[in-house]
Amino acid sequence: NGYIEREELKHFLKDIIEEEHCKQIDDTSQKFQRYMNDLLSFCDTNNDGKIEMEELASALPVEENFLRQFRRSSELSASDFMKVWDHYDADKSGYLEEDEVEGLVRDLLRRGKDSVNITEVEKYTRGALEAFDLNHDGKLDLKEILTYEAQLLLTKTQLNRKEFQRVFDHYDKDNNGYIEDFELDGLLKDLAQVDGKEMTIETIESLKKNLLRFCDRNKDGRLQKDELASFLCYDRSKTLSI
């Protein structure tokens, strides 16, 4: 769901401590609970009791935070991102296959270093494929990278102009300047997912009714850019409860 919540955080912290000290620890002890509270105090900058990717990044060194570094590729301009993609897509197949993903991983981990550990490269290559390979075919395509980025952005309650443009472009599949029909269903499905709501047809229809009532000013049953921006570019947790 885009967050590490308290029970997940317990397992995360337990694994880190046990790996560091090479012994099992009691995660019910007062000392461990203090570690938990200290980690939340350090990372949970918005005090919501859970940790987002950006918050966790502040507590991890670069090589331990590979997925964040990988995600930054989609913060490039579209033309620059395509240059990066073209460089690593060595066989020009339109996909990054496992050996090509490994090349990207190696270069990301190498930044500022003379060499990298091959075990780390293999580990983060698997991590990248697990995170982005939505159809589990063992390779990455542009759609999978951009889908992940759009869903990750939706975890934010308020988007800036550039973030909103990336989200709008992702869901406007036919590039007609509107989010409508199945495009709107897709957006609402992802919003429901990141908000932890039950994924049913009834939920999607209820969300659509509320969102159109709130944003569709000309009542044409679809959302143009400024209408959707009135929802996603302001704190949606306060403007509309969906």
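At a glance:
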item: Solvent exposure ordering (accessible area, 1.4 Å, most first) of Cys233, Cys22; result: Cys22, Cys233
item: Loop GluC sites (Glu not before Pro), region 172-228, which have at most 13 other Cβ atoms in a 10 Å radius of their Cβ (DSSP); result: Glu198
item: Using distinct alpha-carbon pairs, which all enter the 1/r mean, Kirkwood radius of region 156-224 in Å; result: 12.6 Å
item: Too-long pairs where the Cα-Cα distance tops 19 Å, listed order kept, from Lys23/Lys123; Lys23/Lys50; Lys14/Lys50; Lys173/Lys225; Lys10/Lys31; Lys50/Lys156; result: Lys23/Lys123; Lys23/Lys50
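The values are calculated or read from the model by the stated rules, or taken from the named source; none is laboratory data. A quick note: this is a predicted structure, and the numbers were derived from the prediction, not measured. Positions of Cβ are backbone-derived with ideal geometry, glycine not excepted, and every protein chain shown enters the neighbour counts. Just the protein is used for accessible areas: all its heavy atoms, side chains included, with ligands, DNA and RNA removed. Shrake-Rupley method; radii C 1.70, N 1.55, O 1.52, S 1.80 Å.
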